[in-house]
1. Quick check on segment 102-118. Is at least one of its residues assigned to a loop (DSSP other than H, G, I, E, B), under 18 Å from ARG2 (Cβ atoms) and touching a residue at least 12 places away in the same chain (Cβ under 8 Å)?
2. Yes or no: ALA184 part of a loop (DSSP other than H, G, I, E, B), within 30 Å of GLY324 (Cα to Cα) and touching a strand residue (DSSP E or B) at 6+ places or on another chain (Cβ under 8 Å)?
3. In this structure, is GLU319 loosely packed, with under 15 Cβ neighbours inside 10 Å, at pLDDT 95 or above and either touching a helix residue (DSSP H, G or I) at 6+ places or on another chain (Cβ under 7 Å) or more than 19 Å from TYR443 (Cα to Cα) (or both)?
4. So which of TYR180, TYR126, TYR190 ends up being within 23 Å of the chain's Cα centre (by Cα) and modelled with pLDDT under 95?
5. Could you list, in sequence order, all residues of segment 15-38 that are buried (at least 18 other Cβ atoms within 10 Å of the Cβ), outside any helix (DSSP H, G or I) and of a type in the set (S, T, N, Q)?
6. Sort through ALA140, ALA87, ALA58 and tell me the only one that's more than 25 Å from GLN508 (Cβ to Cβ), outside the structural domain of ALA393 (by TED's automatic domain parsing) and free of Cβ contacts under 8 Å to residues at least 12 places away in the same chain.
7. Just give me the residues in segment 257-299 being loosely packed, with under 15 Cβ neighbours inside 10 Å and either farther than 24 Å from HIS201 by Cα or of a type outside the set (A, V, I, L, M, F, W, C) (or both), in sequence order.
8. What number of residues within segment 382-430 are under 16 Å from the mean Cα position of the chain (by Cα) and acidic (Asp, Glu)?
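The values are calculated or read from the model by the stated rules, or taken from the named source; none is laboratory data. Treat the numbers as computed from the prediction; the structure is a model and nothing was measured. Glycine also receives a Cβ, built like all others from the backbone with ideal geometry; neighbour counts cover every protein chain displayed.
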Amino acid sequence: MRITLVHPAGFNFVPGQPDFSVLANRMPPIGIMQLASWLEKFGHSVQLHDCLGPYAPATIAENAEIVLATDPEMVGFSATTSGFMDAFEIAAYIRARRPEIKIVFGNVHVSSLGAPILEHFPEIDYLVIGEGEGAFLDLADGKPLKNVGNLIYRDEAGKIRINPRRDRIIDLDELPFPAYEKLAGFPHAYHLPLFAYEKRHGATMITSRGCPYTCSFCDRTVFERLYKTNSAQYTYDHMKYLRDRFGVYHINMYDDLFTAKKQRVFDLCELLIEKPLGIQWNCAIRTGHTSDEMLAKLKQAGVLMVSMGIESADPQMMERHKAGVTLDAVRDTVRQIHAAGLRAKGLFIFGMPGETPETVKVTSDFILSLGLDEMNMTKFSPLHGAPIWDECANSKVSGEMIEDWRLMNCLNFVFLPHGFSSREEMDALYNWHVKRFYDSKGYRRRFAKRLWAHRWSLWHVIKHLPETIAAARYFSSNKEQLEKAKREFKLHPRQPVGLKPFLSPDLQVDNIVAMSPVRISRRDAMKAIIPLAEEGISCCPPSASPAAV
């Protein structure tokens, strides 16, 4: 079958702000690249189109025409929440001109919402929920729809059917390497976060799936709780492939839990030490998953910087949203990272329920005290499958929310906690912190020492000097200036609001445990969802005959 897979652009901006997206990292869409290589392994012909790619046009019609020019029999869209409406508009354009083409949507947004997506968007034929390789291959092979696990579809009578979940891919080494070669402009026209690499060209890899932890803000509806990894040898071979075929010399590992399986990390490091590739790489760690020995090995194996999710420095916020991590443990881990000769990057979230100007200032003080080499603070966007969703979207206990999917991109404050009077107040405080961090003497001193090592990033900034100046001016804006620049942004006329999350029993249990004000067991939480199931409240069936909606 002829298949084209599409990565939609989405809305990568903030209404009323200058567009300096050229300064942001441009990452290859690993998901559709992995799916493409999997489908081609079984004889299907696959094309890719990245609407955020370096040569992609700006309009819906132009992107849709590029897809149509590939003459597909099936088009698949990988859609996050902020990218969904963009993907839908391209799909609607294709449906209007070539109604015989089958339209498939997958990834986190449809996995977290399920059947109502088909109810509201008749232009879409199929939803692939969860892990996509098996279901998409079954569709391409023409298997009877009722036998395709992880699929939501309409039967011949037009009734929406929800098929059971299929077993996860147990051995990720069965997957071929992502189809990087199908991506126009890879690797030279894609770039990693500025000043986070020294060598070029850069690429990204993901070597694991799933997460056993339950942070309040995280949507795990695609891979759920089961944590699986590529082997150390597969990961080494993947890195070598990127170097040998594409000239890649820096890799960002985008695993949520790269160091969770310690022996795998040690085995990979030993391979890289024994047979060096000349590649630098970055990875993420979790407090409590590292040791002096591991960090020393990572340094020997070519790691430049490690990131760690900290989220907040307010103890109550941490206990509520990221249980199991303490400030003392964070301090100790940063000291360990620096002692090993590695750079430390902290990841934070601003604007979750319970946030106030005081908690933000506490976090800002803590960030400066750590001596971090880099930091990233995202603007909290509630996700449908996250434990915190109901509190944010369906009640006004903690704050007020604008449910505009296009703005749920971690660049806008769609959720307004009660501790703030306006989103402009939040933006001004956010800008204050960003400017404070990058203007600090410690950061400037560390940055100056490494300036030549970061010459490729510096050249990118110089090439886009007008956008750099606009960004600097924006992050100096105060509340009054932000209020003046504010402009109305209307909800997309086709976007529904108030849809309920579509969660498996396992995730329902996890969410109850995560949001309970007192500690409860998973067994007690399971007892709580049994009455809901008996009342017919929808969740993703783990196994059963196809259910009608």
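1. No, segment 102-118 has no match at all.
2. Taking the combined requirement at face value, the residue does not satisfy it.
3. Numbers: loosely packed, with under 15 Cβ neighbours inside 10 Å: yes; at pLDDT 95 or above: no; either touching a helix residue (DSSP H, G or I) at 6+ places or on another chain (Cβ under 7 Å) or more than 19 Å from TYR443 (Cα to Cα) (or both): yes.
When the stated conditions are applied, GLU319 does not pass them.
4. TYR190
5. Scanning segment 15-38 gives a single hit, GLN17.
6. ALA58
7. LYS262, GLN263, GLU274, LYS275, PRO276, GLY278, GLY288, SER291, ASP292, GLU293
8. Of the residues in segment 382-430, 0 are under 16 Å from the mean Cα position of the chain (by Cα) and acidic (Asp, Glu).
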